[in-house]
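Q: Supplied in structure tokens, the structure appears directly below.
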Amino acid sequence: MEQEKSVWVIGHKNPDTDSICAAIAYADLKNKMGNIKYEAKRAGQINEESKYVLEYFEISTPAYIMDVGAQVKDIEIRKTSGISSQVSLKTAWETMKAQNVVTLPITNRNGLLEGLIITGDIATSYMDVYDNRILAKARTQYKNIAETLEGEVFAGNAHGYFIKGKVVVATESPELMEEYIEDDDMVILGNRYEVQLCAIEMNASCIIVCSDAKVSKTIQRLAEERGCVIITTPYDTYTVARLINQSMPVKYFMRRENLITFEMEEYVDDVREIMSKERHRDFPVLNEEGKYMGMISRRNLLNMKRKQIILVDHNEKTQAVDGIDGAEILEIIDHHRLGSLETISPVFFRNQPLGCTSTIIYQMYQEQGVEISKKIAGLLCSAIISDTLMFRSPTCTREDQQAAEALAEIAGIVIEEHAKRMFQAGSNFKAKSAEEILYQDFKTFYAEDKEFGVGQLNAMSHEELQEVKEKLLPYIQKVQVERKLDMIYVMLTNILEESSELIFVGDNAKDIAEQAFRGHVIEQKDSFLLKGVVSRKKQLIPALMMALQERLNAT
């Protein structure tokens, strides 16, 4: 049974508490409003603050999604059944005609792919000239021969294999037969008793009696004694000679080397590129255990169903999960400036100038008349506290504070106490590497042909931030080179003092920051102190953008 497809609700890369909590809460709201299944996901590792919040309210961490591009599992896979390698060419051909396919997968009893047989392989087997020992070389089963000739095994072991000798057509003269029949041959003959007897006495391994001729009990008994298989068929000698090669097993002709297969988790873009270089029409799909699941072709790529996504807390392509161009965006819920993200078709887009996306989602619960559970209220309240630095950020609005207070009452928490524990958990940097610290809240932006990254770290004390600074200064220089960014800025925000120390790297990074905050910069040894600046979204980014534009206009 196929797994039900769900809509993913997902925040930005390097998610903060609002990104995580908003995704969980909005998925909860959507699930309570309709029949479609919604799931919260995350596009990066969660930070310590978010981890604390999830553990406190006993909510599972959303699953990590690296890429939302279309995968093979999003394509309608044709469920062409696998066949045994012992199946005859004739049966394989008839199966292809019945299923209207040109390729059949060969699988073993455990469902593992062993090879492929295509119409061209079968055509080649019919057209090529083989010697009269080909059936033995192919280890053809007597049962297959009987089925191909629409006959039956009259005597002997039907499940045995023809593995020695050649295939010959007997003459009407036993005397002449002695000149060319050898041990273990398969002899095609008619209804003459003496010819049948001669073939058995010359140690034939099998005789094929044509035209529904009678087989006497004496011949049958003698065949049993000599271990000779008797197959009877309604076809005449000519037809039997023409059809018999079709009884060979597909194992002898199937392709088993350098098979091009795809796995369920592979991305369609990669699959399309490989398909474009191959002449094959159909390609097998395997699951993670290597078991055969079905077939896909180029035509299937046209009818693929993109993953359906709802984005929360961002609308910039650079911040979105990888593969977003290959997904179908249904909704965007955000509180940031309008970014560069484009959609294929119109979407529901709600963007409000509030301090937190979770405030918007709280309002949507109210508008829909949906009750907020204690745990979801706790998540939404925590997100607002985090994004507004407990209402100290200039991005914080009256609506944010009112929402947080109402949610705190539902969740049964005291805002000041909960905020202190959250921020302490989030500023525990001692055991973290510079990479973990930087990327717990790092975003990239474009302005005037410049790409720059901005990170932000919040702490309750100056000492904590100084420890982080020593780790980050050499590391951001490395990141700038590796990611080919023009500049990197990191805000070291002291929540209690409501100020940020700004460290930076890159050509003109210092000059641009100084221009952005002219008259409000306190220059230090290797950084700027920005008093009253605690918001990346409302204070730092707009100022940097304006400075970049002014420099461009001046040139």
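Q: With axes computed from alpha carbons, what is the tilt in degrees of helix 17-33 against the longest principal axis of the chain, rounded to the nearest 10 within 0 to 90?
A: 60
Q: Would you work out what percent of the accessible area of region 75-227, with all protein chains in place, is carbon or sulfur (probe 1.4 Å)?
A: Using a 1.4 Å probe with all protein chains present, region 75-227 comes out at 48 percent carbon and sulfur.
Q: Now, a different point. Could you run the Karplus curve 6.51 cos²θ - 1.76 cosθ + 1.60 with θ = phi - 60° over region 157-162 and give me ³J(HN,Hα) per residue in whole Hz, x for Gly and Pro?
A: Each residue of region 157-162 in turn: 8, 5, 8, x, 10, 7 Hz.
Q: Sticking with the crude label model, points 7 Å out along Cα→Cβ, report the distance from Y180 to E467 in nm, one decimal please.
A: The answer from the label model is 9.5 nm.
Q: Under a 1.4 Å probe, what is the accessible area of the chain per residue, stated in Å²?
A: For the chain, the solvent-accessible area averages 48 Å² per residue.
Q: What are the ³J(HN,Hα) couplings of region 221-227, residue after residue, when phi is run through the Karplus curve with 6.51, -1.76, 1.60 and θ = phi - 60°? Round to Hz, x for glycine and proline.
A: For region 221-227, the Karplus curve yields 5, 5, 4, 5, 5, 8, x Hz.
Q: Okay, moving on. Roughly how many percent of the accessible protein surface of region 402-550 is carbon and sulfur, given a 1.4 Å probe and a whole-percent answer?
A: The value for region 402-550 is 47 percent carbon and sulfur by accessible area.
Q: By a straight-distance test (C-alpha under 17 Å), which aspartates and glutamates pair with K217 as possible cross-link partners, with residues fewer than eight away in the same chain excluded?
A: E152, E194, E201, E225
Q: Over region 129-234, what is the mean sequence separation of C-alpha contacts under 8 Å (at least six apart), divided by residue count, expressed as relative contact order in percent?
A: With pairs under 8 Å counted, the relative contact order is 28 percent.
Q: Packing-wise, with mean Cβ within 10 Å as the measure, how do 27-34, 351-358, 181-188 rank, highest first?
A: 351-358, 181-188, 27-34
Q: Out of residues 5 or more away from V229 or on other chains, whose amide H comes under 5 Å of its own, with H placed 1.01 Å from N in the peptide plane?
A: Excluding prolines and chain starts, which carry no amide H, the hits are C206, I207.
Q: Follow-up. Just order 500-506, 401-407 by mean Cβ neighbour count inside 10 Å, highest at the front, would you?
A: 500-506, 401-407
Q: Shifting gears a bit: Would you calculate a helix-derived [θ] at 222 nm for the chain, using -39,500 (n - 2.57) for each DSSP H run of n ≥ 4 and dividing by the full residue count, to the nearest 500?
A: Using -39500 (n - 2.57) per qualifying helix, the result is -11000 deg cm²/dmol.
Q: Another question, then. Could you pull out the pairs from K13/K37; K13/K374; K41/K443; K430/K525; K41/K484 whose alpha carbons sit more than 21 Å apart here?
A: K13/K37; K13/K374; K430/K525; K41/K484
Q: If you line up the long axis of helix 541-554 against the longest principal axis of the chain, both from Cα atoms, how many degrees apart are they, to the nearest 10?
A: Between helix and principal axis, roughly 90 degrees.
Q: A further question on this structure: Rounded if a/c is under 1.5, else prolate if a/b beats b/c, else oblate: with a ≥ b ≥ c from the C-alpha gyration tensor eigenvalues square-rooted, which is region 231-376?
A: prolate
Q: Could I ask something else about it? How high is the FRET efficiency from E448 to L259, r the C-beta distance, R0 41 Å, rounded to 0.05?
A: Using R0 = 41 Å, I get an efficiency of 0.20.
Q: Hey, which lysines would be in cross-link range of K251, C-alpha to C-alpha under 30 Å, not counting anything within fewer than 8 residues on its own chain?
A: K73, K79, K90, K97, K137, K143, K164, K166, K277, K291
Q: Hey, any idea what Rg/Rh is for the chain, computing Rh the Kirkwood way over Cα pairs?
A: 1.27
Q: OK, next. Can you tell me, using C-alpha contacts under 8 Å and at least 6 residues apart, the relative contact order of the chain as a whole percent?
A: It rounds to 15 percent for the chain.
Q: What FRET efficiency would be calculated for the residue pair E435, L496, taking the C-beta separation as r and a Förster radius of 35 Å, to the nearest 0.05?
A: Efficiency computed from Cβ-Cβ geometry: 0.80.
Q: Ignoring ligands, DNA and RNA, how do W93, W8 rank by accessible area with a 1.4 Å probe, largest first?
A: The most accessible residue leads, giving W93, W8.
The values are calculated or read from the model by the stated rules, or taken from the named source; none is laboratory data. Fair warning: this is a prediction, and the values are worked out from it, not measured in the lab. Quick reminder, even Gly has a Cβ in these numbers, built from the backbone with ideal geometry, and neighbours come from all protein chains shown. Accessible surface areas use protein heavy atoms only, side chains included; no ligands, DNA or RNA. Shrake-Rupley method; radii C 1.70, N 1.55, O 1.52, S 1.80 Å.
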